[in-house]
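The structure under discussion appears below in the form of structure tokens.
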């Protein structure tokens, strides 16, 4: 079953997010593309930071990436990731 994983990063500026985004892109390029199981990705501002929200094919695939790669990259740019939340997705569609 697909899941929605969310990680809030706060505090963070747009410039800090841009640095993180560049590092995530570099990491994906060196890995040969997006991680297996990633279905959708969006980042939106929230309070004094931002939220990374992703839809994954399975929770195991998503947590492996979030815990193994994303959290490390967030801390490398000097930011603090919050707790990862996971929710079952009852439906997912692409137009």
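Laboratory data are not the source of any read-out in this text; all were calculated from the coordinates shown. On a predicted model such as this, the values are computed, not experimentally measured, just so you know. Cβ atoms come from the backbone with ideal geometry, glycine included; neighbour counts cover every protein chain shown.
In the set (1) 15.1; (2) 13.6; (3) 19.5, the label that goes with Kirkwood radius over Cα pairs in Å computed for this structure is (2). Computed from Cα positions, the angle between helix 14-30 and the longest principal axis of the chain comes to roughly 50 degrees.
Comparing 62, 49, 78 in a Gaussian network model of the chain, where Cα atoms under 10 Å apart are tied by springs, the biggest mean-square fluctuation is seen for 78. The fewest-to-most ranking of 50, 92 by surrounding Cβ atoms within 10 Å reads 92, 50. When the helices of the chain are scored as -39500 (n - 2.57) per DSSP H run of n ≥ 4 and the total is divided over every residue, the value at 222 nm lands at -9500 deg cm²/dmol.
Stretching residue 31 away from residue 10 to a fully extended chain increases their span by 4.8 nm, per 0.36 nm per residue minus the current alpha-carbon distance. In whole percents, the pair-distance distribution calculated for segment 7-55 from its alpha-carbon pairs, binned every 10 Å from zero, is 24, 50, 24, 1.
The residues 94, 23, 72, when put in order of fewest to most other Cβ atoms within 10 Å, stand as 94, 72, 23. Post the alpha-carbon centroid distance, segment 65-95 to segment 17-34, in whole angstrom. About 14 Å separates the Cα centre of segment 65-95 from the one of segment 17-34.
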